[in-house]
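Engineer: Below is a structure I'd like to ask you about.
The values are calculated or read from the model by the stated rules, or taken from the named source; none is laboratory data. Bear in mind the structure is a predicted one, so any value in this text is a computation, not a measurement. Methodologically, a virtual Cβ is constructed for each residue, glycine included, from the backbone with ideal geometry; neighbour enumeration extends over all protein chains shown.
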């Protein structure tokens, strides 16, 4: 059983990783996967942020901060812990991206409020939270992050205004300090909104263009794959053709053959007679019937090719060749067509385990020789001495 760790659901994470690796998706799918990934990253940060409370205790003990209390440190850790758990629950259960994002922003902003209330000087950090929201590539989430951040910043400045106004001689009241500080923050927030909006537009535009490019490349690859498939497929029987057979044989030359490797040579008996007496429709039916029978037998253990007019080759990498030969004979004997009522196949094979000293070409020749003997026997029994028909 796979273990699920804080930061996201294991199955969903693997699914999103496969999407990003494949590179083939529409923009909406990409956006949803990206937003889930961003939420998982934020969740890991929130779990790490729990350590801020103990770190503040260490700083208090060392005399670095004087306005921080131990109770404040405990409150910081407990609050972040609660929000981290809530965020993890939403992310792991597949909750909405917006809900998870709001919880994460609320946790980070609350952390900033508590630190500011302890008179730990933080200013530019306030604007990091809305900038982080740009990773979601969503104007709505960015807007919510800005509004939430501004409200929490306003609350924070209001809480500390009496303290800082008492230390400053250039302010007559806490409200005057509050108004002055928030005036500066408001201007900076406006600048950040304009810059953030521009960055969000640029990023979403680039991502859309990137996804379209990837889709175009994927479509082109599919077309190329289809063309390759067509070039490797026999038009009549839909089996692999001679080109495919030659390519596969070349691949087998690159390594040692398994003992289960067997080459089959198959020829359709009576094809010329069917064409001459019943027409090419009957001949095509006979070839299609042979392809169906061979595919039925070899599909579980190997691959079938139509390499010529009435010639087929097959490569088996499993099963006993004698059993396969019997299956071919049974299947072909049971076949019936609309124009041709009988199907007869001459089959020869050569197994690597029986001839370990032979290379691929030698096995091909051996399989062909056996097939020709079977074909000669068939025509001899039919009262026709022609070797091929």
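Engineer: Which residue is surrounded by the most Cβ atoms within 10 Å (Cβ to Cβ), if the candidates are limited to the stretch 48-77 and must be within 45 Å of the chain's Cα centre (by Cα) and not in a helix (DSSP H, G or I)?
Structural biologist: That would be 50.
Engineer: To continue, here is another question. Of the conditions (1) closer than 18 Å to residue 117 by Cα; (2) buried (at least 18 other Cβ atoms within 10 Å of the Cβ), residue 38 clears all except one; give me its number.
Structural biologist: It fails just one condition, (1).
Engineer: Right, residue 182: buried (at least 16 other Cβ atoms within 10 Å of the Cβ), in contact with a helix residue (DSSP H, G or I) (Cβ under 8 Å, 6 or more places away or on another chain), modelled with pLDDT of 90 or more and assigned by TED's automatic domain parsing to the domain that holds residue 317 or not?
Structural biologist: Criteria not met by residue 182.
Engineer: Hey, any hits in the stretch 322-340 for a residue that's assigned to a strand (DSSP E or B) and touching a strand residue (DSSP E or B) at 6+ places or on another chain (Cβ under 7 Å)?
Structural biologist: No, every residue in the stretch 322-340 fails to be assigned to a strand (DSSP E or B) and touching a strand residue (DSSP E or B) at 6+ places or on another chain (Cβ under 7 Å).
Engineer: Can you spot a residue in the stretch 235-243 that is within 33 Å of the chain's Cα centre (by Cα) and assigned to a helix (DSSP H, G or I)? Walk me through it before giving the result.
Structural biologist: Residues of the stretch 235-243 within 33 Å of the chain's Cα centre (by Cα): 235, 238-241, 243.
Next, only the ones that are assigned to a helix (DSSP H, G or I) stay: 243.
Looking for residues that are within 33 Å of the chain's Cα centre (by Cα) and assigned to a helix (DSSP H, G or I), one finds at least one in the stretch 235-243, hence yes.
Every residue, every condition in (1) surrounded by 16 or more Cβ atoms within 10 Å (Cβ to Cβ); (2) within 28 Å of residue 250 (Cα to Cα); (3) in contact (Cβ under 8 Å) with a residue 12 or more places away in the chain, yes or no:
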position	(1), (2), (3)
306	yes, yes, yes
313	yes, yes, yes
326	no, no, no
331	yes, no, yes
341	no, no, no
344	yes, no, yes
360	yes, yes, yes
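Engineer: Scan (1) over 32 Å from the mean Cα position of the chain (by Cα); (2) farther than 21 Å from residue 77 by Cα; (3) surrounded by 19 or more Cβ atoms within 10 Å (Cβ to Cβ) for the single condition residue 147 breaks and write down its number.
Structural biologist: In the conditions (1) over 32 Å from the mean Cα position of the chain (by Cα); (2) farther than 21 Å from residue 77 by Cα; (3) surrounded by 19 or more Cβ atoms within 10 Å (Cβ to Cβ), residue 147 misses (3) alone.
Engineer: Checking residue 80 against (1) more than 21 Å from residue 146 (Cβ to Cβ); (2) crowded, with 19+ Cβ neighbours inside 10 Å; (3) within 29 Å of the chain's Cα centre (by Cα), which single condition isn't satisfied?
Structural biologist: So the condition that residue 80 fails would be (3).
Engineer: Also, quick follow-up: Being touching a residue at least 12 places away in the same chain (Cβ under 8 Å) and under 40 Å from the mean Cα position of the chain (by Cα) is the filter here, so list the residues in the stretch 171-200 that pass it.
Structural biologist: If the condition is that a residue be touching a residue at least 12 places away in the same chain (Cβ under 8 Å) and under 40 Å from the mean Cα position of the chain (by Cα), then 189, 192, 193, 196, 197, 199, 200 are the ones that fit.
Engineer: I've got another one for you. If you check every pair at least six apart or on different chains, which have Cβ atoms under 8 Å apart with a residue in the stretch 245-267 that is assigned by TED's automatic domain parsing to the domain that holds residue 316 and without any contact (Cβ under 8 Å) to a residue 60 or more places away in the chain first and a residue that is surrounded by 11 or more Cβ atoms within 10 Å (Cβ to Cβ) and not in a helix (DSSP H, G or I) second?
Structural biologist: What qualifies is 247/232.
Engineer: Condition first: in contact (Cβ under 8 Å) with a residue 24 or more places away in the chain and over 15 Å from residue 32 (Cβ atoms). Now tell me which residues in the stretch 94-107 satisfy that.
Structural biologist: Of everything in the stretch 94-107, those that are in contact (Cβ under 8 Å) with a residue 24 or more places away in the chain and over 15 Å from residue 32 (Cβ atoms) turn out to be 102, 104, 105, 106, 107.
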